[in-house]
Amino acid sequence: MTIRRMTLADVDQVHAIELATFPVPWSRQSLVDEMERNVCARYLVAVDDAGSILAYAGAWIIFDEANVTNVAVAQTHRGQGIGKQIM
């Protein structure tokens, strides 16, 4: 597993995890806006060797603080400590 910065190419996989995780998920467009417009936003993804996204985490970095916006692990990979690693 590798943890790296999220890119626009990751949005569809991240959005699928978002939909499967939260009762009121962020829209796909909201995730795109975070990547393209929010200069404070930083998102990471945990990726397996095949390129599948296992988890993601986002935060708004403002001065010396980080406000966590989202953290989610794909249902099939929960309980393995991936969420802790990405945080």
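The values are calculated or read from the model by the stated rules, or taken from the named source; none is laboratory data. As the structure is a prediction and not an experimental result, all values here were calculated from the model. Cβ atoms come from the backbone with ideal geometry, glycine included; neighbour counts cover every protein chain shown. Heads up: the accessible areas ignore ligands, DNA and RNA and are worked out on the full protein's heavy atoms, side chains in. Shrake-Rupley method; radii C 1.70, N 1.55, O 1.52, S 1.80 Å.
Remarks
- Considering residues of the range 30-44 that are free of Cβ contacts under 8 Å to residues at least 24 places away in the same chain and open to solvent by 60 Å² or more (accessible area, probe 1.4 Å) only, the residue nearest to E65 (Cα to Cα): V39
- For the range 17-29, filtering for residues that are assigned to a helix (DSSP H, G or I) and touching a residue at least 40 places away in the same chain (Cβ under 8 Å) leaves 4.
- Among the residues of the range 48-83, those identified as open to solvent by 70 Å² or more (accessible area, probe 1.4 Å) and not in a loop (DSSP other than H, G, I, E, B) are W60, I61, I62, E65, N67, V68, Q75, T76.
- The residue of the range 8-29 that is farthest from Q75 (Cα to Cα), among those that are among the polar types (S, T, N, Q) and surrounded by fewer than 13 Cβ atoms within 10 Å (Cβ to Cβ), is Q29.
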